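A.B. asks: Could you have a look at this structure, given as structure tokens, before my questions?
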Amino acid sequence: MPRPTTLLRGPRTALERARPYLFTLLLPIIILAAGSLVLEYGFRVTPAAKEVLHWIERLALAWLLLDPLARLVLASDRRALLRFRWFELTLGGALLVFVAVVYVAGVAEAPWWVQRAVHVTIVLSLAARLVEFHQFLATLKVRPALLLVGSFLTLISMGTGLLLLPAATAPGEPATSFTDSLFSATSAVCVTGLIVVDTGTHWSQFGQYVILALIQLGGLGLMTYASVFALFMWRGMRVRETLVLREVFTHDLRAEIGRLTKFILLTTLAVEAAGALLLLGLWDHTAASDAVSLGQRIYYSVFHSVSAFCNAGFCLYSRSLMDYRSTWQVNLVFPLLIISGGLGFAVLYNLGRALRHRVLRNRKTPLVQRRLTLQAKMALTMTAVLLAGGMVLTLSIETFSARNGSRLRSGADLRIRTARMPEESPTVGEAAGPAAVSPMGRTWAERLSGAWFLSTTARTAGFNTTATTRLAFPTRFLTVVLMFIGASPGSTGGGIKTVTVAVVLCGVWSALRGRRKARVFRRSLPPETVRRAMAILALAVMWVAAASIAIAAWGIRAGAQYTYLDVLLETQSAFATVGLSAGATPLLNTFGRIAVILTMFVGRVGPLTLFVAMQIKTRPERFGYATENVAIS
């Protein structure tokens, strides 16, 4: 007698019966293929061992391509399966065509090209499997915040493992320790930019590629790329996927998440490509002070364009951009990349639609697409105020400090000389003279450009054209404040976000005026939004205060001299994922580095998001308590 479940579900198809066995066979093949690629590229293997790995990769790829064919044969609805598995089947066909063309045309080094094609096909096939796994996770009843936190932890773990490989370290450099790999991977995924080893000289080309990939994946989020890949493969997005991405992009309209996701990918690629093109003429020497070839010029442009748009601050030069401080690319292209990446994709999407309506003048366009949203207005206003205000205050402080000698810089050289970063050495023309006390330069034009760049990069980017340790104490504290505010919601930057600060200020002003609701731009803010903003502000202040005190007390190497402001700036730089350093990072012991790693991670995912993800279960309120007032002032 058939079981009740069988009667309800109907007879199982051949594919349903074979699916567990296919998955059991596929899992070790995936591990074998990925492991073989890691061994080949991550270790310096002998030619004989490399040939063995090539045969393993070919056999693994053969099964990866045969798996969708087997599913197609066993499926009852082959048309539906073709729509779902077209990407893997197309990969197999494209590989066969490529191999045939290479050998028929008699291309030189045909085996090398074929093996590279095998590697690319394996990577794309594994990416398709990761998309399936991502969609499977989205079907589970897991909090979106927990999925978000888990995606960043996965990226950090993978990056740490790849940076530990011998091939990731440049020849002649000491072996990379686990702590240094974890620190570098976390800094790249969290788009921070703080480093414990020099990016341009310690890491090999492979290691720099890993860091670049981590920056790109961490800047937009692993789940964003998985969703884009799913849309590209015509698999659509499930409801829970849209909920997760709505949490990431802080976008209210769930129906527009798919279009917003495509917009994010296209905008990112277009802006980074344009930035790389504009930076091509900038470089005149490599990180090792060698001449720059055309290939290196393209690579340096792409690396720094991605790093700037993702607000990562990673630079291949030990002195960051100080050697190019007077060029138009540094003072115009870099700030534009940083600002565009820090505005937030939802704001860029809304701004693009509003501008398109202004140009086309289409009256049939819905009102929601014609006007700027409240979030866009607040983000744009706060960004403009912070950029202008930060520039004016920095210029005023540094000019006053230059005219009054080093009175505002007393104690700036308390740290031990041997621990100073290369970027701290003064540039030409900064060594002497009362007008050269300011590290931003002698003339007004130099100081104005330096103040503009610092006001831009301090928000979340981390590049610098001025030695941070040579800034006046008030300028350094202003930098801490700018870093604390950070970029806008749903962007590649960090901090507590511009809109959060704007909501808090509106809430304070409404309380002072005796209003029940906060108002801004002729709109009322929900009390829940104001409470959430207050919670984010409180959690951020408590974390930065506790972390900086702990690092200053137990996280600095014995014998090192420093000021608390240096530690506070370093801690805030980690929390806001900025990357500006006052020279305290090289002084950190193991405890200090772990504290900074945790601070970078908490700052990237957000303290409130992390708290929500860690909640085991929320219980609905079944009753309320009596109200009693207390004195608060």
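The values are calculated or read from the model by the stated rules, or taken from the named source; none is laboratory data. Only a predicted model underlies this, so the values are computations on that prediction, with no experimental measurement involved. Cβ coordinates were reconstructed from backbone atoms using ideal geometry, including for glycine residues, and neighbour counts include every protein chain displayed. Accessible surface is based on the protein model in full, side chains and every heavy atom, while ligands, DNA and RNA are left aside. Shrake-Rupley method; radii C 1.70, N 1.55, O 1.52, S 1.80 Å.
A.B. asks: Ranked by accessible surface with a 1.4 Å probe, highest first, in what order do K377, K262 come?
C.D. replies: Ranked from most to least accessible, the order is K262, K377.
A.B. asks: Per residue, what accessible area does segment 62-182 have, given a 1.4 Å probe and all protein chains present, in Å²?
C.D. replies: Roughly 52 Å² per residue, with all protein chains present.
A.B. asks: Using +1 at the C-beta of Lys and Arg and -1 at the C-beta of Asp and Glu, which of V520, T466, G495 has the Cα lying farthest in the positive direction of the dipole of segment 438-523?
C.D. replies: V520
A.B. asks: Once you sort the root eigenvalues of the Cα gyration tensor of segment 84-203 as a ≥ b ≥ c, which label holds: rounded (a/c under 1.5), prolate (a/b larger than b/c) or oblate (the other case)?
C.D. replies: oblate
A.B. asks: Largest first, how would S301, S157 line up by accessible area (1.4 Å probe)?
C.D. replies: From most accessible down to least: S157, S301.
A.B. asks: Quick one: grab the alpha carbon gyration tensor of segment 473-526, order the square roots of its eigenvalues as a ≥ b ≥ c, and give me rounded if a/c is under 1.5, else prolate or oblate depending on whether a/b is larger than b/c.
C.D. replies: Judged from the Cα gyration tensor, segment 473-526 comes out oblate (a/c at least 1.5, b/c at or above a/b).
A.B. asks: Can you classify segment 281-321 as rounded, prolate or oblate using the Cα gyration tensor, where a ≥ b ≥ c are the square roots of its eigenvalues, rounded means a/c under 1.5, and otherwise it's prolate if a/b beats b/c and oblate if not?
C.D. replies: oblate
A.B. asks: Separate question: Please report, as a whole percent, how much of the solvent-accessible surface of segment 276-363 comes from carbon and sulfur atoms (probe radius 1.4 Å).
C.D. replies: Reported share for carbon and sulfur atoms: 61 percent.
A.B. asks: Another question about this same structure. For the pair W444 and R516, what calculated FRET efficiency results from E = 1/(1 + (r/R0)^6), where r is the Cβ-Cβ distance and R0 = 35 Å, to the nearest 0.05?
C.D. replies: 0.10
A.B. asks: Something else about it: Given the protein chains as shown and a 1.4 Å probe, how many square angstrom of T627 are accessible, to the nearest 10?
C.D. replies: 140
A.B. asks: How large is the accessible surface of L32 in square angstrom, using a 1.4 angstrom probe and rounding to the nearest 10?
C.D. replies: Surface accessible to solvent at L32 totals approximately 90 Å².
A.B. asks: Further question: With a Förster radius of 41 Å, plug the Cβ-Cβ distance of V123 and N589 into 1/(1 + (r/R0)^6) and report the FRET value to the nearest 0.05.
C.D. replies: Once rounded, the FRET efficiency stands at 0.60.
A.B. asks: With a 1.4 Å probe and all protein chains in place, put L65, L27, L266 in order of accessible area, largest first.
C.D. replies: The most accessible residue leads, giving L266, L27, L65.
A.B. asks: Probe 1.4 Å, all protein chains in place: accessible area of V605 in Å², nearest 10?
C.D. replies: 10
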